[in-house]
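Nothing in this text is a laboratory measurement; each read-out follows from the coordinates by a stated rule. Here the structure is a predicted model, which is why all the values come from computation and not from measurement. Here Cβ is always computed from backbone atoms with ideal geometry, including for glycine, and neighbour counts include all displayed protein chains.
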Amino acid sequence: MSASARPDAPAKLSGSVVYGTDLDVPGMFWGALVPAPVARGRLRRIDLGPARALPGVVAISAADVAALVDGRAGDAERPPFPPEQITYLHQPIAAVAAPSPGLARAAARAVRVEVDGLPAVTDLEELFPEWPERAIDDPDHLAAHVRAGRGDVEAVFRTAESVVRETYRTASVHQVALEPHACVADVTDGLWHVRTSTQSPFGAREDASSILGIPESSLVVEGAWVGGGFGGKGAAFLEPYALLLARAAGRPVRLALGYEDEFRLGRTTLPAVLRMETAVTDGEIVGRRVRLLLDVGTSLPGRDFATGYAIGFLLGPYRTPTFEVEGYAVRTNKPPFGPHRAPFAPQAAFVVESHLEEVARRIGADPVAFKARHLWKEGDRTPLGQPVLPFGLPSALEGARATAERWRREAPSGHGVGVAVGFWSTSTGAGGEARVELTPAELRIIQGEREIGSGSVVVGIARVAARRTGLPFERIRVEYRDSARAPFDSGVFGSRTVGALGRATDEAITALLRSLGERLGAPGPAELGIVDGQIYAIHGRTRRSIAELWTPAEEAQGAMAAEGKHYGKGGAIDESLVRDGQFYAFTDFTGAAHVAEVEVDRETGSVRLVRYAAFHDAGVVIDPASARAQVEGGIAMGIGTALTEEAIWADDGRLTNAGLVDYRIPTLPEIPPIEVHFVEGFAGAGPFGAKGLGEPPIIPVPAAVASAVRDAVGAHVTELPLTPERVARELKLL
Amino acid sequence: MTPSEIQLRVNGRPSRIDSVPTDERLLDTLRWRLGLKGTKEGCRTGMCGACTVLRDGRGTLSCLLLTHEADGASITTIEGIGSDPVGRRVLDAFDAAGALQCGYCTPGFVMALTGLLREGGRSTPVDEMLEDLGGNLCRCTGYATIVRAARSAREEGA
Amino acid sequence: MPAFDLVAPGTSDEAIAELRASDPGEVAVVAGGTDLLFDLDDGRITPRKVVSLRRLPWRTLDWNGPTLTVGSTLPLRELENDPELRRRIPGLYAAVRAVGSVALRHQATLGGNLGRSAPASDLVPMLLALDAEVDLVGPKGERRLSVDRFVIGSRRTALAAGELIRSVRIPEARPSAYLLQRVRPFHDISHMAVAVAFSPTDARWRVAVAGFPPRPLRFPEAEEALGGSTPGAADIARAAEALATRAPIVADKRASEEYRRQLVRPLLARAIAATRIGDR
């Protein structure tokens, strides 16, 4: 057997890895959620009696929660079950647990619910037909209002040579991790325990304990292996229900979502409408105004993260002297907006890139050159006044431009080549801690994250350790502990794992090497090496085995240990420019320029990807194979956002395509050959200058594909996704 | 009358299973009765391929097969595929190419590709083989490493 | 919560007897099971008895001169793998490959596809263009119906109580083609499809369209416009025009009516161009 390319491959290929859906505890009951029968309405009465009459069945609703948490008060704004107002269809209004899955389903169906239904609110433009000409003042439907600007935009637009105004629409897309959400909870002797498929055991602990009102110290979250997250497994979701059911049943309860409910209850990117306006004089952007209407579903006022986040991407990575950005977060009868790989950044990049391409074409400029001229460079300031740190996007765009020129020369009729950029920031502000343990045989990294697939845990932080210590990769072992026993970490999201947890690991190793250096009597930290199969601490010509250096206490423990932490600092924006709401500063500046070649069928509107190239600034690349795989995977996901993925709600709040039949993620034969390039020399905040790479690969994709479609057949599509029918409309075929 | 006992050969070992409800899927029998959790539950609608097993050597969606309908069949799952020479080749190719990330689709892909190679092998053109893998969805890899693994497993069967 | 009784008779007489012994609303038939299990999960059907066809000797495929007879329980993948099919009825080969995935086709059957009679069936339009017939067995004996008469609408067929589809008969292998349009090119539901076949016997074209409710259908006006073996550009344009303007095409959640009407023109022209007459 050949060497494994990933340390988790043999276990995953043997089928022995335990994911959330595989959790199986003797004596456990099976849980099920009782769905709200309307998207909006008042819950008049809920009768659990018929469910409880079934053999062994436990059933709970809002009225039972207080007793189950011993009278404690949870977060009143987001109770597990709505006490009265239903805000989306299939919202959990009760839960049941039963000795078998079939009985649990039957019990959920047996619960009798009476509601007074109200008309659902689902469509942004129907709700606010006069936006953006008219400002919105409707506290019932607004979760947030954010606004920032610099200079007198009105004056600049009045005097500019040309002004381009466009409206864009983007669709709701789902994470579609192959593994549905699943967990098993148990409550014994006042200790609440849940094993779950989560991107953030500590985040789930914080969230679940706040929802239930129980102290974090009485809740243990144990991560199972994660069958894909993409943002959808960040916060607590099923865990509070499973914990309540386990308490009520007095035994472990498994709760998992069926795949339709993944879509119907999933918290993800929701639809948006955007008005883009740009003023140009002498080929230079002199002013921009961006307005956003973002559907945030049932997000809570004051709890909406989406708009401030989304809006940060809507000026793009471009110098803009005078601008105004304004976003409304609109509440509708859908599940809450939640993070989906680079929340709203691919949609924002699609809008910004397509719009600036339109601006360039209108003034007769080459779109790529026009963008390159306005792109941030290190030392520039972002529109919100933050200094730009080392930033490889200009180099990436140069690489993309050269590739695009070559491909365009080679492309036959009906083909088109598009270029687009996207940017991101590694979220190292979300902190993390790690412990390392050194034995004569290996270095163990003790930490609190389960691998979600990218390799950032089992490969990424292990590579950091190998590089810092000089040990072979095979001598590094990443070990997982539950939330009661692991050092704190924020979670696997935001492209932060290698950046933040990797820095924490690096700090721990540095402390260890310093201690070993002292023990060797050396003036600085030791290095590690292998001598006769044993790990040695080395400094210059001095080298001693670990067994010679450890203290009796360490020997008794079987390891030398050290701890490290990293709580990164974000940059600061110029708060004087913010007029309302919250904007986010960037920690570092990562980015990518992508090139797509497509073939467009002029009679049907079908788009086929022919080939694809990506140029990424990931700072210092820690593991080339994982980095490449991350880019390939992100691009495929972006192709779905670009061409086929769209969750569609009917007026009554029903998701019309809940499931994989009509929600179409890309399949293998659709994905073209992908070239992956990294531009080097732009250090980020991570260990050795690494930058995160979880989100960046998806961001430019819809924009690059749209640009290629426009290049191929002249169709300027202003709505995602570019389904064949939308392209056909733009081609005036109908 | 519904027969009370089902006979399956699972990963080469005969097994008799009692009292299986008539509406039970092979997927659930494998996972929850036989403890073979390597076969993954995804969409349960035949759209994702995560639950693919071999039934008498052919790739089959265990989520869309009543266990009673498989009575008498020989079933191979990810736990047993390493004993099959073609399956071994596929496993090695996935391992060497790093053709997995979260790994949740991986057992289904391994079973599907093994089934295809046993069915057509190198007589099937590469593009057709890749198209035939289109029923297995992966959200992590963008399929690139899986394509590399599939090509290499096909070549090594020469 | 009693599940249903599941019986697997060994002969067609026993199967028919099992069907007759139950109220028609309380009995269902399982062949490949790929549609049945959807309907069970949805609660669309709640049978008390399910009759499995797995023991019936109907997993057959027979060529007899130009005629192909396919047993109703033959998995579609076995039909696809028949070495003759691709060469002699390329349109049917393409239509079979358009169904689901390989694993699904190892389970799904031609009989099941006809029994489900979905508006977006990839097989029914091709069977229509091939003048295919279904052979039924039932309490009153055997009968043969054209696919056109058999298919009524979604989940609605001419199958009488107690009847089963035994086989599908394609009277002659024909040069043929099947072209479809989907949002996602692979592993999706076709929202517009065109099946064409040219009969060497009467030297006439058959044209069927599918992908919209209530059912796939032949469109004789287009067939007439195509005339004989080698339609010219004007004939094809006339046939496409007839389809695009007069076929009873409607919208559903997957595509608008106007888009479908646009699509039918290129799909027809390409299908005709892809049909190789004279290879045999």
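Overview of results
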quantity	calculated
Coarse-grained scattering of the protein assembly as shown at q = 0.04 Å⁻¹, given as base-10 log I(q)/I(0) from a Debye sum over alpha-carbon atoms	-0.22
Stretchable slack from A:R409 to A:R112, in nm (0.36 nm times residue separation minus alpha-carbon distance)	100.3 nm
³J(HN,Hα), Karplus 6.51/-1.76/1.60, whole Hz, each residue of the range A:82-96, x for Gly, Pro	x, x, 8, 8, 8, 10, 7, 5, 6, 3, x, 10, 6, 8, 10
Label-to-label distance, nm, for residues given as A:A572 and C:R155 (7 Å Cα→Cβ offset)	6.5 nm
Calculated SAXS-style log₁₀ I(q)/I(0) at q = 0.10, 0.22 Å⁻¹ - the range A:432-566, Debye, Cα scatterers	-0.30, -1.28
Förster radius 41 Å - calculated FRET efficiency between A:R165 and C:T46, Cβ distance, rounded to 0.05	0.15
Residue-by-residue Karplus 3J(HN,Hα) for the range A:465-474, coefficients 6.51, -1.76, 1.60, Hz, glycine and proline x	5, 4, 5, 6, 8, x, 6, x, 3, 5
Mean projected area (nm²) of the alpha-carbon convex hull when the range C:110-204 is viewed from all directions	6.6 nm²
Point-charge dipole on Cβ atoms (K/R +1, D/E -1) for the protein assembly as shown, about Cα centre, debye to 20	1380 debye
Fewest-first ranking of C:M126, A:M276, using other Cβ atoms within 10 Å as the exposure measure	A:M276, C:M126
Residues with amide H under 5 Å from that of A:L720, placed H, sequence gap 5 or more	A:R169, A:T170, A:A171
Among the listed pairs A:K334/B:K37; A:K12/A:K233; A:K691/B:K37; A:K334/A:K371, those beyond 27 Å (Cα-Cα)	A:K334/B:K37; A:K691/B:K37; A:K334/A:K371
Computed label-point distance, nm, for sites A:A365 and C:L145 using a 7 Å Cα→Cβ extension	6.8 nm
Extension reserve of the B:W32-B:S74 stretch, reckoned as 0.36 nm per residue once the Cα distance is removed	13.3 nm
Calculated on alpha-carbon atoms, Rg and Dmax of the range B:5-76 in Å	10.9, 30
Residues with amide H under 5 Å from that of A:L142, placed H, sequence gap 5 or more	A:R331
Sites A:E563 and A:E518 - FRET efficiency at Förster radius 22 Å, r taken between beta-carbons, to 0.05	0.85
Residue-averaged [θ]222 nm for the protein assembly as shown, counting only DSSP H segments that reach four residues, each worth -39500 (n - 2.57)	-8500 deg cm²/dmol
Least to most buried among B:E155, A:E597 (fewest other Cβ within 10 Å first)	B:E155, A:E597
Acute angle (nearest 10 degrees) that the helix B:106-119 long axis makes with the longest principal axis of chain B, alpha-carbon atoms	80 degrees
Distant-in-sequence amide H partners of A:V478 (H built 1.01 Å from N, under 5 Å)	A:I445
The range B:16-123, Rg to Rh (Cα coordinates; Rh as Kirkwood inverse mean 1/r)	0.97
Spin-label pair A:F488/B:T124, simplified geometry with 7 Å Cα→Cβ offset, distance in nm	5.2 nm
Note, ³J(HN,Hα) from phi for the range A:546-556, Karplus 6.51, -1.76, 1.60, rounded to Hz, x at Gly and Pro	4, 4, 7, 9, 6, 7, x, 5, 5, 4, 5
Two-site FRET efficiency, A:A553 against A:A511, from Cβ-Cβ distance with R₀ of 22 Å, rounded to 0.05	0.85
